[in-house]
Amino acid sequence: MNVSSIKTPGVYINEIDAFPPSVAQVATAVPAFVGFTQKGPTTPTRITSFMEFEQLFGGAPNPTSLEVVLDGNLMPTDDCKVTESKFKLYNSLRLFYGNGGGVCYLVSIGNYAAAITSVSDFTDGLDLLRKFDEPTLLLFPDAINLSATNLGLVQQQALRQCADLMDRFTIMDVKNESGLITDSANYRDSVGNQNLKYGATYYPYLQSAFPYSYRFSDINGTAAGKVNFKGIFSTNTTTKNNIEEFEKIVTDYNTLSTAWTPTNVVVPIDTHTKLKTATDLCWTLLKNIGKPIAPSITSTKMAPFAQDLVTNFLKKYAQDLVDFKTAYEVLKKADGVTDVDDLSALDNDTAFKSVWGNISTYVASAPNPYTGLISINVPVAGPIPAHDEPDFGKIQLVVQKLNAAIINATNNVLKSMETFLLFEENNLTAQIPFYIAIVAKLSQSMNTVPPSGAIAGIYAQTDATRGVWKSPANVSVNGIVGLTDDINDAEQEDMNIHETGKSINAIRKFTGKGFLVWGGRTLAGNSNDWRYINVRRLANMIEESVKKACMQFVFEPNVALTWVSVKGMIDNYLTTLWKDGALAGGKPEHAFFVSVGLNETMSALDILEGRMIVKIGYAPSRPAEFIILEFKQMQQKS
């Protein structure tokens, strides 16, 4: 309350704040994954669980190829081979959640049909994240498919974004292809020498315990490496016929799902021409399953199943479109006399067959649900009689709703068909006694995954249980069964401390302990300020938290009262961090300082030019990387 502004006699209450405002600590372990997914939005999307990821972005990629070799007893041999998929994001995310991850962001830059050759795909995906404040970690596991030089270009852009925004950190992978020494040299040459304090690198790749999901169609066939099940069961008519029928089901499903292109109507819909285009699109979407009979559907099992789906889920939208067409075409133009132009003629038993019936014979529902819903009543105006004209604002909403409903219904129909396919596949494989043995043998092959996803999970777990100031090292990696390289002490020397300062953190196997992260350095290994990951990330957290807390003081009077509030707020925050163990010092004044004031941090000119300068110093706790135990013998004393 401004006391000097009171002019009316009376009693007034003035509530005075007794305490400074507080600093809300920002999140520290919200990674953003950039890579390829089966499907999903191309904009950065926030997810909170692996289940949510699968719902939005689809499942795992199929192996690139597989080869099955059977012995004389039709059992798989050790010569069976699986060439793993080049797409690594899916399993990286599994390892992220398996190691303690939580909230993260996904940027899908393509699907599994894409070629991973473009640097711009990854850099464009990273650029999309600049507008999002929450992510604090950047990683791109699929980028290991690029050459070492191109991977370095992506890594440089990620480090640059971290330096520009100063609120995030990059977790990077070394491309494994020619051995530790060569791979490390190629990596250090490619990553550049700028912004190194904002990134950390890990080596080697992990061998995950997540097997592929093998489908009958992946194994069945006459090509080299496939199993000719029809040939094996050539004398068993029942099984052979079931295999042929299932092949038709797969063909039918693939044909329908490949042809399906869900497309939203273009807005605004404010003219007859645009409306006609929009309704034509809705009919086109329905035509995707317009002929649920032979020859469009070849399987005798899929056809009746598809017809039931059409009857139960899609046919009603054809009736809705007919009702809309009928209600629209009785409306008048602006002269109040002339009917509006007709929409496209209804299909006459051409694109729609079977349970659809002849669309051209459909009649409008009684009562028509769209009568009065898409029009506006125009009263008499001179020679123009009272009439109903199209209300394109209402029409657009109705058509958008119909369009979305058709897309949603067709998606559900295709999901039901996929479930039907899986059901038939399980029935078929149950009739093949050695099929389980084939899948078991193929499942022995392991997926190699770059470590960045698992490391992001470890960061999240460490931050949640110990704090961001604890080094994310000497922590076991969950969800893996091996490493692609077994590093010893001698090999780790040049990885950890290198003349360039570009440290590469090792993941190693220790007897009785498992697979441990055995390094906690940034790429700025020669910097005494930013050598350790936890120091850099603690700084990010303190800087971002204090920055956001100070936003409330922008345009406040630059006077002592404001300075006291700012100093008290930051003092309280840093004291809390000191008590938690984030700052080193026997007492608060040894661990940090906060200064603000005239002739202390600011000159009179600073104040005149609108600058309030706050100086903050703190002593971050650093990890005990090298514990040295000194022993010496002593003389016997008794």
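Read-outs throughout are calculated quantities, based only on the coordinates presented, and are distinct from any laboratory measurement. What you see is a predicted model, and the numbers here were worked out from it, not measured in a lab. Cβ coordinates were reconstructed from backbone atoms using ideal geometry, including for glycine residues, and neighbour counts include every protein chain displayed.
Picking from 601, 573, 586, whose Cα lies most toward the positive end of the charge dipole for region 567-610 (charges on Cβ: Lys, Arg +1; Asp, Glu -1)?
Of 601, 573, 586, it is 586.
Does a label point 7 Å from the Cα of residue 430, set along Cα-to-beta-carbon, have any residues of region 228-252 with amide nitrogen under 18 Å, and which are they?
Within reach of a label on residue 430: 238-247.
Can you pull the three principal axis extents for the Cα set of region 557-638, in Å, largest first?
Its Cα atoms span 75, 25, 23 Å along the three principal axes.
Find the relative contact order for region 475-573 and round it to a whole percent, using C-alpha pairs within less than 8 Å whose residues are 6+ positions apart.
That works out to 18 percent.
Could you give the nm distance between label points at residue 491 and residue 528, where each point is 7 Å from its Cα heading toward the beta carbon?
3.4 nm
For residue 543 and residue 6, FRET efficiency with R0 = 41 Å and r from the beta-carbon atoms, rounded to 0.05?
Numbers: r = 42 Å, r/R0 = 1.02.
That pair, residue 6 with residue 543, gives E of 0.45.
In vacuo Debye scattering of region 115-211, one point per C-alpha: log10 I(q)/I(0) at q = 0.13, 0.16 Å⁻¹?
-0.44, -0.66
Sequence gap at least 6, Cα distance under 8 Å: using those rules, report the relative contact order of the chain to the nearest whole percent.
Values: 1020 pairs, mean separation 111.9, N = 638.
The normalised contact order for the chain reaches 18 percent.
Could you tell me which of 275, 364, 318 has its Cα farthest along the dipole of region 235-375 towards the positive end, charges placed at Cβ (Lys, Arg +1; Asp, Glu -1), taken about the Cα centre?
318
For the pair residue 412/residue 615, report the inter-label distance in nm, with labels modelled 7 Å from Cα in the Cβ direction.
Output for this residue pair reads 6.7 nm.
Which order do peptides 424-437, 119-132, 87-100, 155-168 fall in by mean Cβ count within 10 Å, highest first? Walk me through the intermediate numbers first.
On the way: 424-437: 15.0, 119-132: 17.4, 87-100: 25.5, 155-168: 19.9.
Packing proxy ranking, top to bottom: 87-100, 155-168, 119-132, 424-437.
So for region 256-429, what are the equivalent ellipsoid semi-axes in whole Å, largest first, each being the square root of 5 times an eigenvalue of the Cα gyration tensor?
Value: 38, 15, 12 Å, ordered largest first.
If you average 1/r across every pair of different Cα atoms in the chain and take the reciprocal, what Kirkwood value do you get, in Å?
Computed over the chain, the radius equals 30.4 Å.
Suppose every K and R has +1 on its Cβ and every D and E has -1 on its Cβ; what is the size of the dipole of region 256-429 about the Cα centre, in Debye to the nearest 20? Intermediate values should be presented prior to the final figure.
Numbers: 14 positive and 18 negative charges, 66 e Å.
The dipole of region 256-429 has a size of about 320 debye.
What dipole magnitude, in Debye to the nearest 20, does the chain give about its Cα centre under +1 on Lys/Arg Cβ and -1 on Asp/Glu Cβ?
I would put it at about 1040 debye.
Using the Cα centre of the chain as origin and beta-carbon charges of +1 (Lys, Arg) and -1 (Asp, Glu), tell me which of 22, 136, 75 is placed farthest towards the positive end of the dipole.
22
Can you tell me the FRET efficiency between residue 464 and residue 133 if r is taken as the Cβ-Cβ distance and R0 is 22 Å, rounded to the nearest 0.05?
0.60
Can you tell me the FRET efficiency between residue 443 and residue 337 if r is taken as the Cβ-Cβ distance and R0 is 56 Å, rounded to the nearest 0.05?
Computed FRET efficiency for residue 443 and residue 337: 0.15.
How much length, in nm to one decimal, is gained on full extension between residue 562 and residue 71, taken as 0.36 nm per residue of separation minus their Cα-Cα distance?
168.5 nm
Taking the highest mean first, how do the peptides 230-239, 42-51 order by number of other beta carbon atoms within 10 angstrom per residue?
42-51, 230-239
Quick one: 630, 499, fewest Cβ neighbours within 10 Å first, how do they rank?
630, 499
Normalised by the number of residues in region 557-638, what is the relative contact order in percent for Cα pairs under 8 Å and 6+ residues apart?
Values: 68 pairs, mean separation 22.4, N = 82.
Relative contact order, region 557-638: 27 percent.
When the convex hull of the Cα atoms of region 356-446 is projected onto a plane and the area is averaged over all directions, what value comes out in nm²? Could the numbers behind the result be given before it?
Details: hull surface 49.3 nm².
Across all orientations, region 356-446 yields a mean hull projection of 12.3 nm².
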